[in-house]
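Student: Quick one: this structure, given as structure tokens, is what I'll be asking you about.
The values are calculated or read from the model by the stated rules, or taken from the named source; none is laboratory data. For clarity, every value in this text was computed on a predicted model and none was experimentally measured. Glycine also receives a Cβ, built like all others from the backbone with ideal geometry; neighbour counts cover every protein chain displayed. We work out accessible area using only protein heavy atoms, side chains counted, and drop any ligands, DNA or RNA first. Shrake-Rupley method; radii C 1.70, N 1.55, O 1.52, S 1.80 Å.
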Amino acid sequence: MEERSMAELLPDTLLERIRSRAAGLDKNNEFFDDDLAELVQSGYLTAFVPHSLGGPGLTLVDVSRLQRRLASAAPATALAVNMHLIWTGVARQLHDRGDSSLDFVLTGAAQGEIYAFGISEAGNDLVLVGSNSEARPDDDGGYSFYGTKIFTSLAPAWTVLGTMGLDSTSDDAPKVVYGFVRREDGGFTIKNDWDTVGMRATQSRTTVLEGAHAAADAVVRRLVPGPNPDPLIFGISSNFQLLVASVYTGLAERALELAIEAAKKRTSKQNNNSPYSDDPVLRWRIADAWMALDAIPAQIERTASDIADGIDHGSLWFPKVSAVKVRATDTARSVVDQAIAVAGGGSYFSRSELGRLYRDVLAGMFHPSNSDAAHKAAANGLLGPTTEV
């Protein structure tokens, strides 16, 4: 594949076509098939693949900027694509550090594979370091997975699912096992249960693993349960949280644009039909939203650059990426609230783009890490773990 620039991966014309479809997909609760086909065609899903493996070789900072831009047009499309980009981002992060264990993910992406994220489980707040699912070993080093995964974005389209489960039977058990299963091999059921308030086009349906098999060469980690410094765990956490932060920041940037447009178009009878952009209260709201939002991209990109540069933040690394995610999603909600206050009652109608963004932005609180977990991680990093009695 020839090298492609950021502009070629997401040209303005493609972005506008994606924007034009977003409202209909949300209204009909449909998957973004056309968006995905065009993003695949443009090479967008290969963004993280290094030049040496046939890709554009973009950095986490580059991809963050692309995802902000995509989210400004279609947040649900960007959020679902995020899950593919997380796996390829993790693979790239490991590759750049001399760990080739996920290079097959990069070569697969270059060849058209679409990766999805089958990690989340209802009631499992251990997230990456424990599992309610089973990982049953075979005699050849592979594993079959059994359990229920929730919020499986890209459910209608993925070709490879990265997942995990607990091996409780091997001689060295317990081990949390990470592996990749192929759609064509079966062993799973996808429920048609995605009927949510927002982010509807992601179609993040529940996936029931019923023996989905990862061959030995697709089993990438066997880890002791609990907090783990393994680079895979940090790679997933950092790419997930920074790219999620990017999506919600792009959503908020669009909301601010819409607020500015509304302030310039609306007029006030109380003030001789002057535009609302002259109203000091609304001017303050827009300025306040911009001031809060303006800080977030710099935080995302500085953290992404520190990862690439190998900066050692020690015990504060996990808290840092969690804090960026929480700040970004909280700020996005605040910005959308301010935008709606400026735009007025028209944004309450389902046909309103701001109304859709209001529903979409709510999903940010459900992605790990949430505020409670982020504060706990920060306290542990700063103060050490609590004293056991």
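Student: Has region 43-60 got any residue that is part of a loop (DSSP other than H, G, I, E, B), more than 22 Å from residue 300 (Cβ to Cβ) and open to solvent by 40 Å² or more (accessible area, probe 1.4 Å)?
Tutor: No, every residue in region 43-60 fails to be part of a loop (DSSP other than H, G, I, E, B), more than 22 Å from residue 300 (Cβ to Cβ) and open to solvent by 40 Å² or more (accessible area, probe 1.4 Å).
Student: Scan region 148-171 residue by residue and report those that are under 19 Å from residue 88 (Cβ atoms), in contact with a strand residue (DSSP E or B) (Cβ under 6 Å, 6 or more places away or on another chain) and small (Gly, Ala, Ser).
Tutor: 155, 162
Student: Which is in a helix (DSSP H, G or I), farther than 28 Å from residue 308 by Cβ and either of a type outside the set (S, T, N, Q) or open to solvent by 50 Å² or more (accessible area, probe 1.4 Å) (or both), of 326, 342, 321? Full working, then the answer.
Tutor: Values: 326 fails: farther than 28 Å from residue 308 by Cβ; 321 fails: farther than 28 Å from residue 308 by Cβ.
Going through 326, 342, 321 in turn, the sole match is 342.
Student: Picking from 99, 26, which residue would you name as being acidic (Asp, Glu) and either in a helix (DSSP H, G or I) or open to solvent by less than 30 Å² (accessible area, probe 1.4 Å) (or both)? Before you say what the answer is, go through the steps one by one.
Tutor: On the way: 99 fails: either in a helix (DSSP H, G or I) or open to solvent by less than 30 Å² (accessible area, probe 1.4 Å) (or both).
So the residue among 99, 26 that is acidic (Asp, Glu) and either in a helix (DSSP H, G or I) or open to solvent by less than 30 Å² (accessible area, probe 1.4 Å) (or both) is 26.
Student: With the requirement that a residue be surrounded by fewer than 24 Cβ atoms within 10 Å (Cβ to Cβ) and either among the small types (Gly, Ala, Ser) or without any contact (Cβ under 8 Å) to a residue 40 or more places away in the chain (or both), what does region 67-96 give you?
Tutor: Those that are surrounded by fewer than 24 Cβ atoms within 10 Å (Cβ to Cβ) and either among the small types (Gly, Ala, Ser) or without any contact (Cβ under 8 Å) to a residue 40 or more places away in the chain (or both): 72, 73.
Student: Here is a further query. Kindly provide the set of residues from region 29-38 that are surrounded by 14 or more Cβ atoms within 10 Å (Cβ to Cβ) and part of a loop (DSSP other than H, G, I, E, B), ordered by number.
Tutor: 30, 31, 32 - these are the residues of region 29-38 that are surrounded by 14 or more Cβ atoms within 10 Å (Cβ to Cβ) and part of a loop (DSSP other than H, G, I, E, B).
Student: Please state which one of 112, 130, 108, 123 is closer than 18 Å to residue 217 by Cα and outside any strand (DSSP E or B).
Tutor: Working: 112 fails: closer than 18 Å to residue 217 by Cα; 130 fails: closer than 18 Å to residue 217 by Cα; 123 fails: closer than 18 Å to residue 217 by Cα.
The conditions single out 108.
Student: I need a count of the residues in region 133-142 that are part of a loop (DSSP other than H, G, I, E, B) and open to solvent by 30 Å² or more (accessible area, probe 1.4 Å).
Tutor: So in region 133-142, the residues part of a loop (DSSP other than H, G, I, E, B) come out as 133, 138-142.
Then drop every residue that is not open to solvent by 30 Å² or more (accessible area, probe 1.4 Å), which leaves 138-141.
Residues flagged as part of a loop (DSSP other than H, G, I, E, B) and open to solvent by 30 Å² or more (accessible area, probe 1.4 Å) within region 133-142 amount to 4.
Student: Please go through region 148-167 and give me each residue that is outside any loop (DSSP other than H, G, I, E, B) and among the aromatic types (Phe, Trp, Tyr), ordered by number. Full working, then the answer.
Tutor: Kept after step one, since they are outside any loop (DSSP other than H, G, I, E, B), are these residues of region 148-167: 148-152, 160-167.
The one that is outside any loop (DSSP other than H, G, I, E, B) and among the aromatic types (Phe, Trp, Tyr): 151.
Student: Still on this structure, I have one more. Please go through region 348-376 and give me each residue that is in a helix (DSSP H, G or I) and either of a type in the set (Ser, Thr, Tyr) or over 30 Å from residue 74 (Cα atoms) (or both), ordered by number. Can you show your working first?
Tutor: Of region 348-376, the ones in a helix (DSSP H, G or I) are 348, 353-366, 371-376.
Correct list: 348, 358, 371, 375, 376.
Student: Something else: Would you mind stating whether residue 145 is at pLDDT 95 or above, in a strand (DSSP E or B) and under 20 Å from the mean Cα position of the chain (by Cα)?
Tutor: Details: at pLDDT 95 or above: yes; in a strand (DSSP E or B): yes; under 20 Å from the mean Cα position of the chain (by Cα): no.
The answer is no for residue 145.
Student: Would you check which residues across region 314-373 are closer than 25 Å to residue 150 by Cβ and of a type in the set (Asp, Glu) and list them?
Tutor: Within region 314-373, 330, 360, 372 qualify.
Student: Against the conditions (1) surrounded by 15 or more Cβ atoms within 10 Å (Cβ to Cβ); (2) assigned to a helix (DSSP H, G or I), where does residue 379 fall short? Just the number, please.
Tutor: The failed condition is (1).
Student: Let me ask you something else. Name the single residue, out of those in region 335-389 being closer than 30 Å to residue 126 by Cα and among the basic types (Lys, Arg), that is modelled with the lowest pLDDT.
Tutor: Step by step, filter region 335-389, then rank; the result is 376.
Student: A further question follows. So which pairs qualify, if the first residue must be in region 287-303 and at pLDDT 95 or above, the second must be open to solvent by 50 Å² or more (accessible area, probe 1.4 Å) and small (Gly, Ala, Ser), the Cβ gap must be under 9 Å, and the two must be at least 6 apart or on different chains?
Tutor: 288/334; 289/334; 292/334; 293/334
Student: Just checking, how many residues over region 275-300 are β-branched (Val, Ile, Thr), within 30 Å of residue 243 (Cα to Cα) and over 24 Å from the mean Cα position of the chain (by Cα)?
Tutor: We begin by selecting, within region 275-300, every residue β-branched (Val, Ile, Thr); these are 281, 286, 296, 300.
Applying the additional criterion that residues be within 30 Å of residue 243 (Cα to Cα) yields 286, 296, 300.
From the residues that got through so far, the ones that are over 24 Å from the mean Cα position of the chain (by Cα) too are 286.
Number satisfying all stated conditions: 1.
To keep it simple, each residue is scored yes or no on (1) open to solvent by less than 10 Å² (accessible area, probe 1.4 Å); (2) among the hydroxyl-bearing types (Ser, Thr, Tyr).
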| position | (1), (2) |
| --- | --- |
| 224 | no, no |
| 243 | yes, no |
| 256 | no, no |
| 262 | no, no |
| 265 | no, no |
| 277 | no, yes |
| 290 | no, no |
| 315 | no, yes |
